[in-house]
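The values are calculated or read from the model by the stated rules, or taken from the named source; none is laboratory data. No experiment lies behind these values; they were computed from the predicted model shown. Don't worry about glycine lacking a Cβ; one is built from the backbone with ideal geometry, like all the others, and counts go over all protein chains shown. Note: accessible area is taken over every heavy atom of the protein model, side chains too, but ligands, DNA and RNA are not part of it. Shrake-Rupley method; radii C 1.70, N 1.55, O 1.52, S 1.80 Å.
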Amino acid sequence: MKRSVASLAVVVALVAGPAVRPAGAGSKTTVLEQRYEAPAVGVMVGTIQYVNLAHDCEDRIGCVTFDLGGRYRWAQVEIEDDSGLTARAEVPTVRYGEVCGKTSYPLKVEGLQEVSFIMMPGVCADEETPSTPTSGTVEVTLARSLAALGVSK
């Protein structure tokens, strides 16, 4: 009986295996995720100022970089700060590049080899939402078309 159950399990795995795909496989999107650490804090003229020491993101202090390889046209971004509050990131390689919490419309990344997110304190572009990033995760969903992201023009 044990052998027949084991044989049945092997047959089911062989038959069902190719049809069962990991999440995202065969999809028209690619999801990448990286952790960021809190930006460095320094003191300047008696006030607390954030100082980004990661100009190229190599030391990952308050900054993450994703390798795109020029393969994608659009990116949806969501930043989840460990504090549970909204976190703002500058995106220097993208025109009008700022993400506050998550993108309301995908960022155009066509032709870019990489895209970086530099975590920044302050106030978001809406001039209402404060941002004090601690540590957290940046998730980027990449696609070649807006339709793949479920967005219409």
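If packing is taken as the average count of other Cβ atoms within 10 Å, what order do 29-37, 114-122 fall into, highest mean first?
Packing proxy ranking, top to bottom: 114-122, 29-37.
Projected label points at Lys102 and Ser152, each 7 Å from Cα along the beta carbon direction, are separated by 2.0 nanometres.
Packing around the peptides 107-113, 83-89, taken as the average count of other Cβ atoms within 10 Å per residue, puts them in this order, highest first: 83-89, 107-113. Phi angles of the range 85-90 translate, via the Karplus equation with coefficients 6.51, -1.76, 1.60 and θ = phi - 60°, into HN-Hα couplings of 8, 5, 10, 10, 10, 7 Hz per residue; Gly and Pro are given as x.
At 1.4 Å probe size, with every protein chain present, just tell me what the per residue accessible area of the range 87-153 comes to in Å².
53 Å²
Annotation: amide H-H contacts under 5 Å for Ser135 (H modelled 1.01 Å from N, sequence separation of 5 or more, or interchain): Asp82, Ser83.
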